[in-house]
1. I'd like to check something: does region 375-391 contain any residue that is over 27 Å from residue 47 (Cα atoms), in contact (Cβ under 8 Å) with a residue 12 or more places away in the chain and of a type in the set (A, V, I, L, M)?
2. I'd like the full set of residues that are within 14 Å of residue 264 (Cα to Cα) and among the small types (Gly, Ala, Ser), limited to region 372-389.
3. For region 382-405, what are the residues that are among the β-branched types (Val, Ile, Thr) and either in a helix (DSSP H, G or I) or away from the ligand (no atom under 11 Å from the Cβ) (or both)?
4. Among the numbered criteria (1) more than 21 Å from the chain's Cα centre (by Cα); (2) away from the ligand (no atom under 16 Å from the Cβ); (3) in contact (Cβ under 8 Å) with a residue 24 or more places away in the chain, which one does residue 179 miss?
5. Which residue pairs have Cβ atoms under 7 Å apart, sit 6 or more places apart or on different chains, and have a first residue in region 204-225 that is of a type in the set (D, E, K, R) and a second that is within 15 Å of the ligand (Cβ to nearest atom)?
6. Within region 368-381, identify whether any single residue is assigned to a helix (DSSP H, G or I), within 16 Å of the ligand (Cβ to nearest atom), surrounded by fewer than 21 Cβ atoms within 10 Å (Cβ to Cβ) and of a type outside the set (Val, Ile, Thr), and answer yes or no.
7. Taking the stated definitions as given, is residue 287 surrounded by fewer than 21 Cβ atoms within 10 Å (Cβ to Cβ), closer than 18 Å to residue 354 by Cβ and among the small types (Gly, Ala, Ser)?
8. State the number of residues belonging to region 134-167 that are in contact with a Leu (Cβ under 6 Å, 6 or more places away or on another chain) and under 20 Å from residue 201 (Cα atoms).
Amino acid sequence: MTFRPPAAPDLASPWRTDARAALQQEARAFAHDVVLPVADELDPQKGEMPREVVEQMAAAGWFGLTVPAASGGLGLGVFEYCLVSEELARAWLSVASILARGQGLGTQVHDPARKAELLRRSAQGDWIGAIALSEPTAGSDLAGVQTRAVRDGDDWVLTGHKRWAGNALAADFVEVLARVREPEEGEPRSAGLEPFLVVKERGTFPDGMTGTPIDKIGYHGFLTWDLELDGVRVPDSDRLAGLYGDAGAGADSGGFAAVQRGLNIARVHTAARAVGVARAAVEDSTAYLQEREQFGHPLSDFQALRFALADMAADVDQARAYWQQVAHLLDEGVPCERESAMVKLQATEMAVRVTGQAMQLHGGNGYTTERRVERYWRDARLTTIFEGTSEIQRRIISDRLLPRA
Ligand SMILES: Cc1cc2nc3c(=O)[nH]c(=O)nc-3n(C[C@H](O)[C@H](O)[C@H](O)COP(=O)(O)OP(=O)(O)OC[C@H]3O[C@@H](n4cnc5c(N)ncnc54)[C@H](O)[C@@H]3O)c2cc1C
């Protein structure tokens, strides 16, 4: 209704290539033609994204953007992964998020032949998962995870309570972070935490796992689950060497360290998604200021509103330039823990500010479900909370600036 994709590529960064610009255009057209109408229809119903949308993304190869070409993926980097994600988030945040459930997630098994098979499936969008790190009493403090994994013969038996596992029912597997032992003296509290692969059928939960959907105020498109684990059996072969896929994560080191590396990629990915949502707010506001008249003039004649829009657009472009820089550094193999925290903090806080301002520019119409701007505002609000809150990003950054008592 109000959004027209710009005809020319706007990837004007030092990292622009023709291939990247073409990928961006492909994702932008898909977001506009396929995702946006679906979001408009299903978001008000708190509906889930249709299987066909996922299948079209799979056919485009996007679940394997960062999977090596030799393993059946597109063999691209964090940069391209974020580039596509910004475009998808422009239409619906959750559709950009589902991409993160491919990219080699759930393939870090030790057996090389099985790993190769799972990577191939991941790249094809035929191995789409859910991530269950958080718990009712362990959110920001992930080292406080209490779910237990106890060895029993060739299996591990998982018992505990997970919260916030997005896409868990629809997934082919759930990656569960569990404690296999207590930390020894001198070790960090995170010692003894290991990721496990719980393989399942799509649309059901495995034996020992029950799920209850959490009623959210936004981020519709997939359901988010509270999971009870009561004796879920996992073969030892499904104890994972790392939580995330290979995407820019470097060599395996297993356990919590691998989780941290994966989080750096997840944070720049969240920044790109936040930029997509904020860009949507700018684009819709640009149209609305020209469409709506007051005092005999289009709103776009009022300098205060023009300047507000200018600030919003400048904020979005600045955040985009920063995610592109950090994604580039991650692709170069730079660890980027501080930078990932900074870009996540800056881009998501920006998205909250910009979508709130967009609502203001829409006046009363912005505070209705008749306009998309309320969806952008609800979805942007989440981005400062998940993948580590703004306070946790500030903590990571300040710990690198200041000694801790
Ligand atoms: C919609 C949604 C989807 C999610 N999806 C997933 C998922 O798929 N998988 C998954 O594992 N998790 C998921 N999460 C969980 C998410 O990562 C956590 O909600 C987030 O890390 C915050 O944890 P918490 O909610 O327990 O808040 P808490 O940790 O309880 O924090 C409460 C407040 O205290 C602040 N705080 C906490 N510790 C400190 C500190 N040391 N210093 C300063 N401030 C602090 C926080 O910033 C926050 O403001 C999702 C969450 C939501 C809401």
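1. Initial filter on region 375-391 (over 27 Å from residue 47 (Cα atoms)): 390-391.
Restricting the remaining residues to those that are in contact (Cβ under 8 Å) with a residue 12 or more places away in the chain gives 390-391.
Filter again for of a type in the set (A, V, I, L, M), leaving none.
Looking through region 375-391, none of the residues is over 27 Å from residue 47 (Cα atoms), in contact (Cβ under 8 Å) with a residue 12 or more places away in the chain and of a type in the set (A, V, I, L, M).
2. So in region 372-389, the residues within 14 Å of residue 264 (Cα to Cα) come out as 386-389.
Residue satisfying the conditions is 388 alone.
3. If we filter region 382-405 for residues that are among the β-branched types (Val, Ile, Thr), which is where we start, we get 383-385, 389, 392, 396-397.
Within region 382-405, 383, 392, 396, 397 qualify.
4. With respect to (1) more than 21 Å from the chain's Cα centre (by Cα); (2) away from the ligand (no atom under 16 Å from the Cβ); (3) in contact (Cβ under 8 Å) with a residue 24 or more places away in the chain, residue 179 is out only on (2).
5. 216/224
6. First, the residues of region 368-381 that are assigned to a helix (DSSP H, G or I): 373-381.
Add one more test, that the residue is within 16 Å of the ligand (Cβ to nearest atom), and what stays is 375-381.
Pick out the ones that are also surrounded by fewer than 21 Cβ atoms within 10 Å (Cβ to Cβ) and you get 378, 381.
Of the ones still in play, those that are also of a type outside the set (Val, Ile, Thr) are 378, 381.
Yes: one or more hits.
7. Details: surrounded by fewer than 21 Cβ atoms within 10 Å (Cβ to Cβ): yes; closer than 18 Å to residue 354 by Cβ: yes; among the small types (Gly, Ala, Ser): yes.
Yes.
8. So the answer is 4.
The values are calculated or read from the model by the stated rules, or taken from the named source; none is laboratory data. Because the structure is predicted, anything quoted here is derived from the model rather than measured. Every residue, glycine as well, gets a Cβ built from its backbone with ideal geometry; the counts of neighbours run over all protein chains shown.
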